[in-house]
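Here, each number is a calculation from the coordinates, and none is a lab measurement. As the structure is a prediction and not an experimental result, all values here were calculated from the model. Note that each Cβ is placed from the backbone with ideal geometry, even for glycine, and that neighbours are counted across all protein chains shown.
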Amino acid sequence: MTSDRRSSKTPLAISYLFVPGNRPERFSKAVEANPDAIILDLEDAVHPDSKPAARAAIWAWQESTPSVSCERYIRLNSVGSTLFHQDQAWLNDMRYPERCNGIFLPKVECPDALGRVVEQLLKWQPELKIIAIIETAKGLQQVESIAAIPGVARLAFGSLDFSLDINCSQIPEAFLFARHRIVLASRTADLPSPIDGVTPAISDLAVVGKDALYARSLGFGAKLCIHPSQLVTVQRAFLPDSRQLAWADRVMRAVATGSHAVQVDGEMVDLPLIEHARRLLDVASQYAPIARAGAC
């Protein structure tokens with residue numbers, strides 16, 4: 001029997017906020033925006049000429065900031081690239097590895113190469129949470145093998161890079177197969193629900209909310225954010241709203257006698273729905289008071 005890699009003593013992160021690594025003045029502001037996690041970015045948000053400055057800025061902040069109110073991750077450059085090898089050397093020299101909760105690895109494609117990298121990273125920090133980002137056709141083709149690698153903690157979907165790689169429109173229909181496959185690969189590998197990609201809209205929170213609710217409906221459990229204004233909308237979208245919690249409360253009251261088949265609101269509720277109700281209440285208890293505030 002395989003162990004369940006989804007189990008965790010602490011609530012899983014829902015909102016992950018990117019911060020360019022070469023913008024150190026934003027690091028603390030990002031934390032103050034109350035994401036579940038920040039991602040100090042060395043990849044797409046940083047021009048190649050600015051990579052050394054970004055590494056130096058992240059190093060200095062890690063040294064000067066023993067603790068923060070959220071998880072902190074670093075997104076390295078693509079595995080196998082020259083920039084990635086530079087990232088590795090820099091990371092291995094960094095003090096206080098325990099201050100880094102995890103690493104995002106972009107454009108993951110080769111399970112064998114990823115396995116070697118994961119092994120090296122875990123030597124640096126044994127408690128590291130390693131997130132593999134699926135954002136190319138080759139990565140999607142290998143997603144089941146990638147998800148099964150020991151040490152991979154979660155999958156994420158890089159939808160923008162994926163659309164560039166396969167030359168598709170950035171519309172839900174174009175990403176449906178990829179999202180389904182990432183969700184199923186996560187489940188079969190006993191990983192937590194995966195992290196959905198960014199929504200480029202910064203000022204239109206209705207679009208952010210719609211995207212987040214759609215991803216949740218497919219089985220995603222979190223979302224990447226590119227601006228602090230997106231955080232609350234994303235957090236609420238992935239948590240049960242007040243109506244769902246009220247329904248779950250009614251279900252649990254109805255089954256208190258031990259029955260696994262009851263009527264609630266004029267509908268038959270059997271064991272799968274009872275377990276769903278129990279899961280909603282469990283999630284709400286972990287993320288209160290956000291969940292009890294409800295999503296629109």
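Rounded to the nearest 500, the 222 nm mean residue ellipticity of the chain from helices alone is -13500 deg cm²/dmol, with -39,500 (n - 2.57) taken per DSSP H run of at least 4 residues.
Which shape class, rounded, prolate or oblate, goes with segment 223-275 when its Cα gyration tensor gives a ≥ b ≥ c as root eigenvalues, a/c under 1.5 marks rounded, and past that a/b bigger than b/c marks prolate? It is prolate, given that a/c is not under 1.5 and a/b is the larger ratio. Phi angles across segment 37-53 convert, under the Karplus curve 6.51 cos²θ - 1.76 cosθ + 1.60 with θ = phi - 60°, into 3J(HN,Hα) values of 7, 10, 10, 7, 9, 10, 9, 4, 7, 10, 4, x, 5, 9, 4, x, 5 Hz, Gly and Pro given as x. Be a star and scan segment 170-202 for residues whose amide nitrogen sits under 20 Å from the point 7 Å along the Cα-to-Cβ vector of TYR214. Within reach of a label on TYR214, which here means backbone N under 20 Å from a point 7 Å along Cα→Cβ, segment 170-202 contributes 170-184, 194-202. List, in the order given, every pair from LYS29/LYS51; LYS29/LYS123; LYS51/LYS138 whose Cα-Cα distance in the structure shown is over 24 Å. Result: LYS29/LYS123; LYS51/LYS138 exceed 24 Å. Around the Cα centre of segment 242-293, unit charges on the Cβ atoms of Lys, Arg, Asp and Glu (plus for the first two, minus for the last two) sum to a dipole of about 200 debye.
How long are the semi-axes of the ellipsoid equivalent to segment 15-237, from square roots of 5 times the Cα gyration tensor eigenvalues, in whole Å, largest first? Each semi-axis is the square root of five times an eigenvalue, giving 25, 21, 16 Å. Extension gain, THR82-LEU271: 0.36 nm per intervening residue step, less the Cα-Cα distance, totals 62.8 nm. Charging the Cβ of each Asp and Glu at -1 and of each Lys and Arg at +1, and nothing else, the dipole of the chain about its Cα centre rounds to 440 debye. Dipole orientation for the chain: of the candidates ILE133, PRO52, SER229, SER229 has the Cα lying most toward the positive pole (charges on Cβ; Lys, Arg +1; Asp, Glu -1). Bridge orientation summary for the chain: considering DSSP beta bridges with both residues in this region, about 10 percent are antiparallel.
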